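The values are calculated or read from the model by the stated rules, or taken from the named source; none is laboratory data. Please read these numbers as outputs of a predicted model, since none were measured by experiment. Note: ideal-geometry Cβ built from the backbone for every residue, glycine included; neighbour counts use all protein chains shown.
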Amino acid sequence: MTVIKQRPVSQTAAEYLQNAGLSALMSRLFAARGVANIAQVAVNLSGLLPPQSLTNNQQMAKLLADAIEANKKLLVIGDYDADGATATAVAIKGLRAFGADVGFLVPNRFEYGYGLTPEIVALAAVQKPDVIITVDNGIASVDGVAAANALGIQVLITDHHLPASETPQAACIINPNQHGCTFASKNLAGVGVMFYGLLSLRAEFRERGAYAQKPEPNLTELLDLVALGTVADLVKLDENNRILVEQGLRRIRAGACSYGVTALLRVAGREPAKTTAQDLGFYVGPRLNAAGRLDDMTLGIQCLLAGSEVEAAQIAQQLHTLNLQRRSIEADMQDSANIVLDDVDMDDQYSISVFQPDWHQGVIGILASRIKERHHRPVIAFADAGDGLIKGSGRSIPGLHLRDALDLLSKHQPSLILKFGGHAMAAGLTIRGDDFDLFKHGFEAVVRSLISEADLESVLEVDGSLTVNDMTFQTAQALENQVWGQGFAPPLFYDEFEVVSQRVLSEKHLKLTLKPASKQSASNRSGMEIDAIYFNQTDLPGNIIQAAYQLQTNSYNGAKKVQLNLRYVSA
């Protein structure tokens, strides 16, 4: 069951924002998202939290500057998702701009798994690096750092994941979530942490007089990559992250971004000059992630580092093809999962654990997310990992911290989970295949102890009604050009409509013409009809509907129209 809940709006904040120059609609939307001061929606780079306020960042800068001045060989160890790929590209581009001798290595998820493991250190040692720099990983790599130290390789960790009880003995760690870090934003993505490291490095070289006779590197050239990784990793878009994303979007729209990002947008059918945060999340991110899910993220990083339009376009096409394969695999996995779950009484389940031997390791995270969206339960999907092991990828619901739940289960049954890690809303783990049923029942018991039945209700937060006078192309465009995302949700309105007509597109989507209910209509537009699309639905419950929807632009064959993207409908 879905419960519709209207976001509360501070009238004081809304009036203040309107008096400061924002429209009445935008003031209401921002106030409902906790904005109480006009400075909170400013997007100038001067509003970023200072780099020196990130704990250990100045020490990190000194170590990096010393290594670069000594011509030491640096090696970046990345991760195989979009955040890890963009963080690796930012590290390579940024460090080379400072004159560093630097290369990169990213683990293949099917051979080595995640993070700086001893096996990855051994692979890295073949390149004889003096310094290893981790991006988007490392905070849990106790054994890997120890292995590097034993080989005389210095390790510098840049990460944003939650630490475990033991901290790696690295030479330096920057991570807003590490114990004792006082950085005001805990929501930087891995790419954001690396970018902050470069900002501090530039300040260090500035102090050393490196730019007395030459221009300093322009790090704003990296912001398109920072924006992409931040949006794709689904970190909370707090004030600091919204500045990073907005500034990156401006560079993309102005054509001042990397060849790779432009190529990925074009292969996805998006217009770079009109790029939104949603484009990065729904079109670019999945194509970049496809490399790490099905092949090797080295391909994705090469796209981001491409030195020409031609090279970027060729690699982007390969990534696009991989993404098509991923979607096909995902569809097959969803079908088999639905068959299994159709026989399960969800009213009696607090969690869902599923496993099929033929499922693809790289796609189980997406599968878990889809099942969670459908059933509103914490979900862990497993795939065969060889050698009698299975790997799981989990997605959670508000109210259950998934990593903490797995930690609690591991304390109850110490030999059950071989390794795990993650966040509140997503986590990964490895268990023995023979222990699947044991895990399934143990996880269910832990989840039942941590959440209530009320937490299993899906709550859809909406922003109230939208007058027909605001259902315009200009309003839709203004909304699309704002930075919305995780923790700063895109506006979702809720109104009553009369269904004038409907037809099915591609055998699975509804194209509709709707008429706003009379109580919602202004007198001068009472006869207004508006287009709507309802994805993955083929019929409506009646001629009068209550609908939660997003207001969107729709440009087709030169015509610019506004349409409603229906997200939930009831009679």
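Tabulated results
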read-out: Flag for Ile397 being in contact (Cβ under 8 Å) with a residue 40 or more places away in the chain, under 22 Å from Asn187 (Cβ atoms) and surrounded by 15 or more Cβ atoms within 10 Å (Cβ to Cβ); value: yes
read-out: Residue tally, condition within 12 Å of the chain's Cα centre (by Cα) and outside any helix (DSSP H, G or I), over the range 276-309; value: 0
read-out: Subset of the range 534-552 that is more than 25 Å from the chain's Cα centre (by Cα) and in a strand (DSSP E or B) - its residue that is nearest to Tyr568 (Cα to Cα); value: Ala547
read-out: The range 86-97 residues that are farther than 14 Å from Val193 by Cβ, paired with ones that are of a type outside the set (A, V, I, L, M, F, W, C) (beta carbon under 6 Å, 6 or more apart); value: Ala97/Pro217
read-out: Strands (runs of 3 or more DSSP E) fully within the range 80-173 counting 3 or more residues that are closer than 20 Å to Thr430 by Cβ and at pLDDT 95 or above; value: none
read-out: Matching option when the condition is in a loop (DSSP other than H, G, I, E, B) and charged (D, E, K, R), among Asp332, Asp358; value: Asp358
read-out: Residue match in the range 455-468 (condition: in contact with a helix residue (DSSP H, G or I) (Cβ under 6 Å, 6 or more places away or on another chain), farther than 23 Å from Leu280 by Cα and at pLDDT below 95); value: yes
read-out: Test set (1) in contact with a Leu (Cβ under 6 Å, 6 or more places away or on another chain); (2) closer than 19 Å to Met346 by Cα - Ala427 fails condition number; value: (2)
read-out: Answer residue from the range 484-498, given it is in contact with a Leu (Cβ under 6 Å, 6 or more places away or on another chain) and crowded, with 16+ Cβ neighbours inside 10 Å and is nearest to Arg270 (Cα to Cα) among those; value: Gly485
read-out: Count of residues meeting criterion [of a type outside the set (A, V, I, L, M) and under 23 Å from the mean Cα position of the chain (by Cα)] in the range 170-180; value: 4
read-out: Any chance Gly300 is of a type outside the set (Phe, Trp, Tyr), under 19 Å from His360 (Cβ atoms) and touching a helix residue (DSSP H, G or I) at 6+ places or on another chain (Cβ under 7 Å); value: yes
read-out: Total residues in the range 194-235, condition touching a strand residue (DSSP E or B) at 6+ places or on another chain (Cβ under 7 Å) and either surrounded by fewer than 24 Cβ atoms within 10 Å (Cβ to Cβ) or β-branched (Val, Ile, Thr) (or both); value: 1
read-out: Count of the range 31-40 residues which are free of Cβ contacts under 8 Å to residues at least 24 places away in the same chain and within 24 Å of Arg251 (Cα to Cα); value: 2
read-out: Selection from the range 149-168 of residues that are out of contact with any Ser or Thr (no Cβ under 9 Å at 6 or more places or on another chain) and surrounded by 24 or more Cβ atoms within 10 Å (Cβ to Cβ); value: His160
read-out: Ala445 vs. criteria small (Gly, Ala, Ser), part of a helix (DSSP H, G or I), out of contact with any Lys or Arg (no Cβ under 6 Å at 6 or more places or on another chain) and modelled with pLDDT of 95 or more; value: yes
read-out: Subset tally (residues that are under 12 Å from Ile132 (Cα atoms) and assigned to a helix (DSSP H, G or I)) for the range 64-75; value: 2
read-out: Counted residues, the range 435-483 - those being free of Cβ contacts under 8 Å to residues at least 60 places away in the same chain, of a type in the set (Ser, Thr, Tyr) and either surrounded by 18 or more Cβ atoms within 10 Å (Cβ to Cβ) or farther than 30 Å from Met346 by Cα (or both); value: 2
read-out: Residues located in the range 26-42, provided they are part of a loop (DSSP other than H, G, I, E, B) and surrounded by fewer than 17 Cβ atoms within 10 Å (Cβ to Cβ); value: Gly34, Ala36, Asn37, Ala42
read-out: Number of the condition not met by Thr430 [criteria: (1) modelled with pLDDT under 95; (2) out of contact with any helix residue (DSSP H, G or I) (no Cβ under 7 Å at 6 or more places or on another chain); (3) in a strand (DSSP E or B)]; value: (1)
read-out: Some residue of the range 3-25 being in a helix (DSSP H, G or I), surrounded by 15 or more Cβ atoms within 10 Å (Cβ to Cβ), in contact with a Pro (Cβ under 7 Å, 6 or more places away or on another chain) and modelled with pLDDT of 95 or more; value: no
read-out: Filtered residues of the range 240-275 (kept if assigned to a loop (DSSP other than H, G, I, E, B) and surrounded by 23 or more Cβ atoms within 10 Å (Cβ to Cβ)); value: Cys257, Ser258, Thr275
read-out: Complete set of residues in the range 106-150 that are closer than 30 Å to Pro215 by Cα and within 24 Å of the chain's Cα centre (by Cα); value: Ile133, Thr134, Val135, Asp136
read-out: From the options Leu219, Leu156, residue that is touching a Cys at 6+ places or on another chain (Cβ under 7 Å) and in contact (Cβ under 8 Å) with a residue 40 or more places away in the chain; value: Leu156
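Here's the yes/no breakdown for (1) of a type in the set (D, E, K, R); (2) touching an Asp or Glu at 6+ places or on another chain (Cβ under 8 Å):
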| position | (1), (2) |
| --- | --- |
| His360 | no, no |
| Lys372 | yes, no |
| Val379 | no, no |
| Ala385 | no, no |
| Gly388 | no, yes |
| Asp404 | yes, no |
| His412 | no, no |
